[in-house]
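The values are calculated or read from the model by the stated rules, or taken from the named source; none is laboratory data. As the structure is a computational prediction, the values presented were derived from the model and not from experiment. We place every Cβ from the backbone using ideal geometry, glycine too, and count neighbours over all the protein chains shown. To get the accessible areas, we keep the full protein, side chains included, count just its heavy atoms, and leave off ligands, DNA and RNA. Shrake-Rupley method; radii C 1.70, N 1.55, O 1.52, S 1.80 Å.
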Amino acid sequence: MRTAYSVETVRAAERELMARLPEGALMQRAAAGLAAACADLLGRVYGRRVVLLVGSGDNGGDALYAGARLARRGAGVTAVLLAPGRTHPGGLAALLRAGGTSASPDAAEPLVRRADLVVDGIVGIGGKGGLRPDAARLAELAHASRAAVVAVDLPSGVEADTGEVLGAAVRADLTVTFGTHKPGLLVDPGRGYAGSVRLVDIGLDLPEPADLEALQHADVAALLPLPGAESDKYRRGVLGIAAGSARYPGAAVLAVSGALRGGAGAVRYVGPAADAVIARFPETLVSDKGPSKAGRVQAWVVGPGAGDDASAVAEVLDADVPVLVDADGLRLAGREAVRARTAPTLMTPHAGEAAALLGVPREAVETARLASARELAGLYGATVLLKGATTLVADPTGGAVRVNATGTAWLATAGSGDVLSGLAGSLLAAGLRAIDAGSVAAYLHGLAGRFAADGAPAGAHDVAAAIPEAWRDVHD
């Protein structure tokens, strides 16, 4: 599992480690890893032009020491110093001894334009409030150049703890981060500025739990429910789905497709789209008596395409089983009704729906996704899966937020969220905790989207059909 920690936690771990090491040893470890990553990216170091964008903190010191290592291997290295009087003295001296040079920001444009590699050491993980104008200009020069851009620990201008980007920021091809991932490397919009991320182990002793967790194949494989020799449809989990309407019958069909492909032993459907559901999935058990009289289920999904059917939402919320609330159900489910539930609740809004529930503009959620997911989980006392390019799953009791990035932009298509709801609901019915059901479903859904699209447009029904392939890929 990939983990990420807050700046405060990282700083405390660094202080503890530095107290046990010779002075400067920790920075040398970071610089060695950074230089190795830069060399790998360049392929050939000798004769290459490298420009270091150097701020006043330890982040600039890492860049300078790494630049010295590259200079000793024959690269032409120039450090552009944003604050000459506050530049790391040891790092600058090491660079100059190795044959590197320094320059002022006024001289940066031709240097960056001719560079093969630009190293962003402007601001470290403690940077707040966006870049100052002189630093923003350097970030823009780097982005406009033909050079590969490597960020030191975190792209300058990205908030380390939240992923927020307030104004200009460095857009890196590669970010070399030290000790652990930072939340801003995994959460949008910051993730989009980081490029590929390479983690350099510098020996930090970090506590549990982390602030963020990102599941990998092995984690998902360990959580996925597999039928045993004694399994029957009830042991595998029966999922109830209250979804669809005369206007949106396809939402019901897609939610059922996600549930069946997600391993549900049986699906009970309640709603006005029964004919459409049966026509596509004859194995579905349908009922016209309402959720409370539909029969035995281990979990419910309510809301996709439901229109204004508040009574079905209320009946499902009264059930003493795990419930997933999506789409129209989010609008119709009262906060106090959700908070009063004793069984787990999983809410799956996109940014617009989350904004409506929080009473803020959509942009406020999109620029502060991590804080929004945590706030919404706390307000409703529910696990919240905030959909997006990086999906976040936050538990109401706190602890690590799960972050998922397996998706593809092709998943931004009508009905994709309905498939996700059915998939996550099937995992709830199989007995997974809400945070596990949400994060595993997001992971499989993202993989299925990649397989279905394969570089071309795909519909939501294609995504559902690719879920078994994603499941098999995780277990291979």
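Some notes on this structure:
- Within the stretch 212-259, considering residues that are in contact with a strand residue (DSSP E or B) (Cβ under 9 Å, 6 or more places away or on another chain) and either basic (Lys, Arg) or assigned to a loop (DSSP other than H, G, I, E, B) (or both), the one surrounded by the most Cβ atoms within 10 Å (Cβ to Cβ): Ala243
- Ala356 being touching a Lys or Arg at 6+ places or on another chain (Cβ under 9 Å) and part of a helix (DSSP H, G or I): yes
- Restricting attention to the stretch 431-476, the residues being assigned to a loop (DSSP other than H, G, I, E, B) and farther than 20 Å from Ala243 by Cα number 9.
- Test: residue in the stretch 337-353 that is closer than 30 Å to Leu166 by Cα, of a type in the set (Gly, Ala, Ser) and in a helix (DSSP H, G or I): yes
- Single unsatisfied condition, Ala276 versus (1) touching a residue at least 60 places away in the same chain (Cβ under 8 Å); (2) in contact with a Pro (Cβ under 7 Å, 6 or more places away or on another chain): (1)
- Residue list for the stretch 75-106, restricted to those being touching a residue at least 24 places away in the same chain (Cβ under 8 Å), open to solvent by 40 Å² or more (accessible area, probe 1.4 Å) and not in a strand (DSSP E or B): Arg86, His88, Arg97, Gly99, Ser104
- Scan of the stretch 46-62 for residues that are in a helix (DSSP H, G or I) and at pLDDT 95 or above, ordered by number: Gly60, Gly61, Asp62
- Subset of the stretch 136-190 [touching a Pro at 6+ places or on another chain (Cβ under 8 Å) and charged (D, E, K, R)]: Arg137, Asp161, Glu164, Arg171
- All conditions in (1) more than 23 Å from Asp173 (Cβ to Cβ); (2) touching a Leu at 6+ places or on another chain (Cβ under 8 Å); (3) in a helix (DSSP H, G or I); (4) not hydrophobic (A, V, I, L, M, F, W, C) hold for Tyr65, with the sole exception of (1).
- From the list Arg296, Arg268, Arg236, the one residue that fits, being at pLDDT 95 or above and either more than 19 Å from Leu423 (Cα to Cα) or of a type in the set (Lys, Arg) (or both), is Arg268.
- Hey, Val270 in contact with a strand residue (DSSP E or B) (Cβ under 7 Å, 6 or more places away or on another chain), of a type outside the set (Lys, Arg) and free of Cβ contacts under 8 Å to residues at least 24 places away in the same chain or not: no
- Checking each residue in the stretch 131-163 for being open to solvent by less than 20 Å² (accessible area, probe 1.4 Å) and of a type in the set (Gly, Ala, Ser) picks out Ala135, Ala136, Ala139, Ala142, Ala147, Ala151, Ser156, Gly157, Ala160, Gly163.
- The set of residues in the stretch 285-308 being part of a loop (DSSP other than H, G, I, E, B), of a type outside the set (A, V, I, L, M), open to solvent by less than 20 Å² (accessible area, probe 1.4 Å) and closer than 24 Å to Ala442 by Cβ consists of Gly303, Pro304, Gly305.
- Members of the stretch 369-410 found to be among the aliphatic types (A, V, I, L, M), open to solvent by 30 Å² or more (accessible area, probe 1.4 Å) and within 15 Å of the chain's Cα centre (by Cα), listed by number: Ala371, Ala389, Ala405, Ala409
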